[in-house]
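*Asks:* I have a structure I would like to understand better, so I am pasting it below and will then ask my questions one at a time.
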Amino acid sequence: MDNLENRNKNKVTKKDLMNLNENKINFSYKDIEFIDKDAFNSLINLEIINFRKNKITSLTENYFCGLKMLTKIDFSENMIKVISNDLFKNLISLKNVNISGNKIEELSNNQFEGLKSLENLNFSNNSIRGLPNKLFHGLICLKSINFNGNKIENLSNNQFEGLKELLYLEFSNNRIRAIPNDLFAGLNFLESLNFSGNKIEEITEKQIGYLEKMVYLNFSNNKIKIIQNDIFEKLKLLKFLDLSGNKIAELSSNLFDGQINLEVLNLSNNLIEFIPDDFFKKEKSENNKVELSFHFGSYLNDLNFSNNRIKVIPKNLFVGYINIKVLDLSGNKIEEINKDELNGLKRLKCLNLSNNLIKVIPNDIFVGLLDLSILDLSGNKIEELNNLNGLQNLFYLYITNNMIKFIPSDFFNYLPNIGIIDFSGNNIDKLNFEQINKLQNLYELNFSNNWIKEIPNGIFDKLTGFRVLDLSGNQIETLSKNHLNKRLFKLNLSNNWIKVIPNDLFEQMESLESLDFSRNKIEELSNNLFEGLESLEYLNFSNNRIKSIPKDLFKSLENLHNLNFSRNNLEEFETETFKTLKSLKTLDLSENKFKLLESVSLPLKKWYNLIVWLLDQNIIDNFLFDDITTRNL
């Protein structure tokens, strides 16, 4: 029920709710500041109260007295600093409390006393510094506690005593330094534990080793240096483990022994230099036979070692783990990668080796990775490319920011299903017609920030699914309509040496949505250059040398949202120039040479969707607009 008729704008009174016949009220997003203390007095059948996203500063009255049917209270995202001790008194049916996103600093020991039906409690994103020892005492049905994003420094040893039904416990982004040994004692059904973003230096078997029902465990972004060998031994149901963003420097061989159900392991952003040869498996001898014993089960599918200090990947490290689908080794110090190091990853779909020190990619390194669809080799020191054999299903290829000068003539012959290619930030000076013209599944091509001087005629003609082309930051001087694909959605030729745009360059490009020719040397645009570009939403010709805008230049651009002609030499434009731009949201004509602007030629009042218009750093003497603010000048 949203009963807002005939009431004071920022206040809710008993009168406002007098005729309420429903069992719930919704006053969310109404800028309410006050609630009368007797506002809910007669609503004995009320079950749900929602005051989310208002401006309420306190809940100091016993607002909910007598509401024995109440099951849910939501006062999230207000400005509440204080709540009274008896706010929830005698609410025997209450199951859900959400007062997250406020400014509460303190809770009393008996704050939730008597809430025997309470299941979900959310006080996240407040300013709470500490929790009384018996705050949760008696909440025997509690299943979820969320105190993320507060300023809590300490938790007492018996903080969660008696919460036998608890499933989810969230204390991320606080200031907790240590976890008492028996903090989680008795939480026999706990499935999810999140203490990420704190200042914890140590986790031990005594703290978490007995949480046998644990499925999700997150201690990321703390200050943990050492992980004990036996800490996870009894956590046989664990599926997700995040220890990223700590100070772990060493991994022992048996650290994760017995994690048969683990699916996701994140050890990124640590100080790891070395992965033991037997980190994933070990040899054991029995009856004169040598067998492999695997530390993880067959469910492991997402493995993240990014942003560590790893130099070498042991040979055959992953053999036996055919279900790994995502492997991230980016941001390390790997200089060399060979086939033996990727052996066994038969179902790998995403491999990230970016931001290492790799110089050479052997041509047989990916043989056997038949399911690989994403490969990132960006940010290495690759100068010369070998053909990438065995990647029949590769769709995404990123080799940005290397030192590649030349792509082998048959390089793409081995990538029949490639859809997105990014070679930006290299030293390539030529687009090869024979290479690109055959890529029937190509969707996006990025050769920005290279040394390309020309586009071969017809190079994109046969690419029926081609939609995105980025050749920005090159040395292209001339263009013709034979250089482009008519089906493009997005075209970026910014930061080149282009002086002239042929009148028919965009002919039949009805699907084009984004066009960027900024930072070129263009002086003139023809009157019908954009004719037929009815789908265009973004147009950028900033940082050129354009002196005038033809009268009908924007005639077809009824759906244009963003227009940028800043940093040109524009002095004036004709009355009808901008008339058709009814969908415009952003207009930037700053840093030109306008002296006179008037509402007849620039109909700001008729652009109902306009949010930003920039005319700063011109030399305007007269600004002739009626009822238009000049705050953006």
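Taken together, the values in this text are just the output of simple stated rules run on the coordinates, not laboratory data. Here the structure is a predicted model, which is why all the values come from computation and not from measurement. Reconstructed Cβ throughout: ideal geometry from the backbone, glycine too, with neighbour counts over all protein chains shown.
*Asks:* Roughly what % of DSSP beta bridges within the chain run antiparallel, to the nearest 5?
*Replies:* 5
*Asks:* If the limit is 25 Å between Cα atoms, which of LYS11/LYS134; LYS311/LYS381; LYS53/LYS95 go over it?
*Replies:* Long pairs (Cα-Cα over 25 Å): LYS11/LYS134.
*Asks:* Taking the alpha-carbon centroid of each part, what is the distance from the range 254-283 to the range 166-189 in angstrom?
*Replies:* Centre-to-centre distance over Cα atoms comes out at 24 Å.
*Asks:* Given an 8 Å cut-off on Cα distances and at least 6 residues of separation, report the relative contact order of the chain as a percent.
*Replies:* The normalised contact order for the chain reaches 4 percent.
*Asks:* Right, something else. If I compute P(r) over Cα pairs in 20 Å bins from 0, in percent from the structure I just sent, which labelled value in (1) 16, 41, 30, 12, 1, 0; (2) 16, 30, 37, 17, 0; (3) 19, 51, 28, 2 lines up?
*Replies:* Read-out from the structure maps to (2).
*Asks:* May I pose another question? Kindly write out, for the range 208-224 in residue order, the coupling ³J(HN,Hα) from the Karplus curve 6.51 cos²θ - 1.76 cosθ + 1.60 (θ = phi - 60°), rounded to whole Hz, with x marking Gly and Pro.
*Replies:* Once θ is set to phi - 60°, the couplings for the range 208-224 become 10, x, 9, 7, 6, 9, 5, 10, 10, 9, 10, 10, 5, 6, 10, 10, 6 Hz.
*Asks:* Treat every Asp and Glu Cβ in the chain as -1 and every Lys and Arg Cβ as +1, leave all other atoms uncharged, and give the resulting dipole magnitude about the Cα centre to the nearest 20 debye.
*Replies:* 1120
*Asks:* With θ set to phi - 60° and the Karplus curve 6.51 cos²θ - 1.76 cosθ + 1.60, what are the ³J(HN,Hα) couplings of the range 238-243 in order, to the nearest whole Hz, using x for Gly and Pro?
*Replies:* 4, 10, 10, 9, 10, 10
*Asks:* Separate question: Just name one of ASN98, SER76, GLY114: the one whose Cα is farthest towards the positive end of the charge dipole of the range 73-136 (beta-carbon charges, Lys/Arg +1, Asp/Glu -1).
*Replies:* Ranked along the dipole, the leading option is GLY114.
*Asks:* Order these peptides, 401-414, 254-267, by their mean beta-carbon neighbour count within 10 angstrom, highest first.
*Replies:* 254-267, 401-414
*Asks:* Place +1 on the Cβ of every Lys and Arg and -1 on the Cβ of every Asp and Glu in the chain, take the dipole about the Cα centre, and give the residue among LEU238, ASN254, ASN154 whose Cα lies farthest towards its positive end.
*Replies:* It is ASN154, whose Cα lies furthest towards the positive end.
*Asks:* Sequence neighbours fewer than 8 away in the same chain don't count; with that in mind, list the aspartates and glutamates whose C-alpha is under 20 Å from LYS349.
*Replies:* GLU263, ASP302, ASP328, ASP340, GLU341, ASP364, ASP371, ASP376, ASP422, GLU444
*Asks:* Compute the signed sum of charges (Lys and Arg +1, Asp and Glu -1) over the other residues within less than 10 Å, Cβ to Cβ, of PHE64.
*Replies:* Once positives and negatives cancel, what remains is 0.
*Asks:* Could you tell me which residue out of PHE318, ALA185, LEU265 lies farthest along the dipole of the chain toward its positive end? Charges go on the beta carbon: Lys and Arg +1, Asp and Glu -1, centred on the Cα centre.
*Replies:* ALA185
*Asks:* From the cross-link list LYS164/LYS236; LYS24/LYS89; LYS213/LYS239; LYS30/LYS68, which pairs have alpha carbons spaced over 22 Å apart?
*Replies:* Check vs 22 Å cut-off fails for LYS30/LYS68.
*Asks:* Now for a different question. Find how many whole Å separate the alpha carbon centroid of the range 11-85 from the alpha carbon centroid of the range 461-533.
*Replies:* 58
*Asks:* Below 10 angstrom from the Cβ of PHE412, what's the summed charge of the other residues (Lys, Arg +1; Asp, Glu -1)?
*Replies:* My count for the surroundings of PHE412 gives -1.
*Asks:* Then there is this: Which order do peptides 357-365, 88-96 fall in by mean Cβ count within 10 Å, highest first?
*Replies:* Most protected by this proxy first, the peptides run 88-96, 357-365.
*Asks:* Still on this structure: Tell me, what HN-Hα J-couplings in whole Hz come from the Karplus equation 6.51 cos²θ - 1.76 cosθ + 1.60 at θ = phi - 60° for each residue of the range 12-28, using x for Gly and Pro?
*Replies:* Going residue by residue, I get 10, 10, 4, 5, 4, 10, 4, 9, 6, 10, 8, 9, 8, 10, 10, 10, 6 Hz, with x marking Gly and Pro.
*Asks:* A further question follows. Distance check, please: which entries in LYS234/LYS339; LYS339/LYS490; LYS143/LYS199; LYS490/LYS579 exceed 29 angstrom between their Cα atoms?
*Replies:* Long pairs (Cα-Cα over 29 Å): LYS234/LYS339; LYS339/LYS490.
*Asks:* Given Cα pairs under 8 Å that are at least 6 residues apart, what percent is the relative contact order of the range 169-288?
*Replies:* In percent, rounded to a whole number, it is 20.
*Asks:* Taking H placed 1.01 Å from N in the peptide plane, check which residues at least 5 places from VAL12 or on another chain put their amide H under 5 Å from its amide H.
*Replies:* PHE34, ILE35, ASP36
*Asks:* If amide hydrogens are placed 1.01 Å from N in the peptide plane, which non-local residues have theirs closer than 5 Å to the one on LEU560?
*Replies:* SER583
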